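Taking it in order: structure first as structure tokens, then the write-up.
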Amino acid sequence: AANLEAGLKASIWALIVVAIFMAFYYMFWGVVADFALFTNMVLILGVMALKDATFTLPGIAGIVLTIGMAVDANVLIFERIREEIDRQADLRTAVRLGYEKALGTIIDANVTTLIICVVLGYTATAEVKGFAYTLGIGICASMFTALFCTRVIVDMFLDATKLNKIGMLSTVVPAIRTALLPKINWIGKRYIFMATSVVLIVAGLAAVATRGDDMFDIEFLGGTQVTFKLKKGESLTMEAVEERLARASIDEDLSTLKRGEGATV
């Protein structure tokens, strides 16, 4: 129950925080993205209900990750629209070019993740399959909402209002607009970043080889995992915990552990 409550609370807070940020930074565009985000959640829950799927903790983690990935596609589209507006394109042209230029990147990013979901779905254990299942549904839903739903909403809004300019925070606040202008030649420093990446990758692989089995938890190494609560205001030393766990491993009558000094296990 505690795990379920914590997982659902994390999902709700992630949804709220992401929605507030999008609405604050992208204004009208962010509200459109928020609508797509909530539509995405409805589609995920609808598909899971249709398939009689059940929630697991990894599944909830997949939903939380989907919340971030769902607005990522909209961010790409909106930033392309902003760039077209900066090039003095009219709003309708900027919208058309923004969606067209972001399409390839969105498909590439989501399809590669979807491939991983398929692989996990066929090869992983049941717990990880729940993560892959919800994330895969979320990816498909996010591409649909980002590329189709938001485009329809924007086009309908422009037809109804005849507006020729819709701003976002980076276009209406000069300081932010100036801060976003590139001042560093990142491409010119690519060899530095490539070398740094190689060093970090090699160091990471060396750390993995050095730690060995210490990296694996009980799911991979086997054994027994125990969870216990202490009475309010009570405490146990590590030696007492180890002694009681040792007794539990050989004593089928666990009620004996409730007696004696210290807290109840």
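I'd like to know if the range 24-42 contains one or more residues that are under 14 Å from LEU135 (Cβ atoms) and either of a type in the set (Phe, Trp, Tyr) or modelled with pLDDT of 85 or more (or both). Yes, some residue in the range 24-42 is under 14 Å from LEU135 (Cβ atoms) and either of a type in the set (Phe, Trp, Tyr) or modelled with pLDDT of 85 or more (or both). Checking the structure you have, find out if any residue of the range 106-119 is buried (at least 17 other Cβ atoms within 10 Å of the Cβ) and either modelled with pLDDT under 85 or within 20 Å of PHE35 (Cβ to Cβ) (or both). Taking every residue of the range 106-119 in turn, at least one turns out to be buried (at least 17 other Cβ atoms within 10 Å of the Cβ) and either modelled with pLDDT under 85 or within 20 Å of PHE35 (Cβ to Cβ) (or both).
The conditions of being over 22 Å from VAL31 (Cα atoms) and without any contact (Cβ under 8 Å) to a residue 24 or more places away in the chain are not met by ARG177. Sub-7 Å Cβ pairs linking a first residue in the range 97-108 that is closer than 16 Å to ARG87 by Cβ and among the basic types (Lys, Arg) to a second residue that is open to solvent by 40 Å² or more (accessible area, probe 1.4 Å) and in a helix (DSSP H, G or I), at least 6 apart or interchain, are LYS101/ARG80, ordered by first then second residue. For the range 43-53, the set of residues classified as assigned to a helix (DSSP H, G or I) and either within 16 Å of GLY121 (Cα to Cα) or open to solvent by 50 Å² or more (accessible area, probe 1.4 Å) (or both) consists of LEU43, LEU45, VAL47, MET48, ALA49, LEU50, listed by residue number.
Would you confirm whether or not the range 28-37 contains a residue that is more than 30 Å from THR171 (Cβ to Cβ), touching a Phe, Trp or Tyr at 6+ places or on another chain (Cβ under 9 Å) and open to solvent by 40 Å² or more (accessible area, probe 1.4 Å)? No, because not a single residue in the range 28-37 is more than 30 Å from THR171 (Cβ to Cβ), touching a Phe, Trp or Tyr at 6+ places or on another chain (Cβ under 9 Å) and open to solvent by 40 Å² or more (accessible area, probe 1.4 Å). Taking the conditions (1) closer than 27 Å to ALA126 by Cα; (2) in contact (Cβ under 8 Å) with a residue 40 or more places away in the chain; (3) β-branched (Val, Ile, Thr); (4) open to solvent by 10 Å² or more (accessible area, probe 1.4 Å) in turn, ILE67 satisfies each one other than (4). In summary, helices (runs of 4 or more DSSP H) completely within the range 133-252 and bearing 3 or more residues that are out of contact with any Leu (no Cβ under 8 Å at 6 or more places or on another chain) and modelled with pLDDT of 80 or more occur at 150-161, 190-211, 238-250. For the range 9-27, the tally of residues that are open to solvent by less than 80 Å² (accessible area, probe 1.4 Å), part of a helix (DSSP H, G or I) and among the aliphatic types (A, V, I, L, M) stands at 8.
Residue-by-condition table, conditions (1) buried (at least 17 other Cβ atoms within 10 Å of the Cβ); (2) touching a residue at least 24 places away in the same chain (Cβ under 8 Å):
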residue: PHE144; (1), (2): no, yes
residue: PHE148; (1), (2): no, no
residue: THR161; (1), (2): no, no
residue: ILE166; (1), (2): yes, yes
residue: VAL173; (1), (2): no, no
residue: ASN185; (1), (2): no, no
residue: GLY188; (1), (2): no, no
residue: ILE192; (1), (2): no, no
residue: ALA195; (1), (2): no, no
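Taking the conditions (1) under 30 Å from VAL172 (Cβ atoms); (2) over 14 Å from the mean Cα position of the chain (by Cα); (3) surrounded by 14 or more Cβ atoms within 10 Å (Cβ to Cβ); (4) not small (Gly, Ala, Ser) in turn, THR56 satisfies each one other than (1).
The values are calculated or read from the model by the stated rules, or taken from the named source; none is laboratory data. What you see is a predicted model, and the numbers here were worked out from it, not measured in a lab. Note: ideal-geometry Cβ built from the backbone for every residue, glycine included; neighbour counts use all protein chains shown. Heavy atoms of the whole protein, side chains included, go into the accessibility calculation; ligands, DNA and RNA do not. Shrake-Rupley method; radii C 1.70, N 1.55, O 1.52, S 1.80 Å.
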